[in-house]
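The next block holds one structure in the form of structure tokens; read it before the comments.
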Amino acid sequence: MGGTEQVRVSRVPSKPVRREADGSLAIDLWFRREGAFEADAALRLTPAEAETLHAQLCYALDDDTAALISPAANLPDCRKSILTTRRQV
């Protein structure tokens, strides 16, 4: 193989996360190689895996990201403390 190929994975914007009949949660993904559509697939997570991912995302997002959600009442509970803490500083 010559150079490095650019592969990008992104969520399918028109499809929400959904619960499957077996209880798993599914996130539809698009795979593109060198900018061209290659394939799609669903990432399936157990409820425990989804909870862990949710918590990790809440902590990984920076303070500036929380400020983008307007009104602040629409923030998920795990992110509301970010704005409160930020205002107190």
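The values are calculated or read from the model by the stated rules, or taken from the named source; none is laboratory data. Please read these numbers as outputs of a predicted model, since none were measured by experiment. As a convention, Cβ positions derive from the backbone with ideal geometry for all residues, glycine included, and neighbour counts pool all protein chains shown. Accessible surface is based on the protein model in full, side chains and every heavy atom, while ligands, DNA and RNA are left aside. Shrake-Rupley method; radii C 1.70, N 1.55, O 1.52, S 1.80 Å.
A few points about this structure:
- Selected residue (criterion: farthest from the chain's Cα centre (by Cα)) from residues of region 1-44 that are in a strand (DSSP E or B) and β-branched (V, I, T): V7
- Within region 1-30, residues that are touching a residue at least 24 places away in the same chain (Cβ under 8 Å) have Cβ atoms under 7 Å from residues that are in a loop (DSSP other than H, G, I, E, B) and open to solvent by 80 Å² or more (accessible area, probe 1.4 Å) in these pairs: E5/E34; Q6/E34, counting only partners at least 6 apart in sequence or on another chain.
- Flag for A73 being at pLDDT 65 or above, within 26 Å of V7 (Cβ to Cβ) and exposed (fewer than 11 other Cβ atoms within 10 Å of the Cβ): no
- Residues that are of a type outside the set (D, E, K, R) and out of contact with any strand residue (DSSP E or B) (no Cβ under 7 Å at 6 or more places or on another chain) within region 7-42 comprise P13, S14, P16, A21, G23, G35, A36, listed in sequence order.
- Region 35-69, residues that are at pLDDT 90 or above and open to solvent by 60 Å² or more (accessible area, probe 1.4 Å): F37, E38, D40, L43, R44, T46, P47, A48, E49, E51, T52, L53
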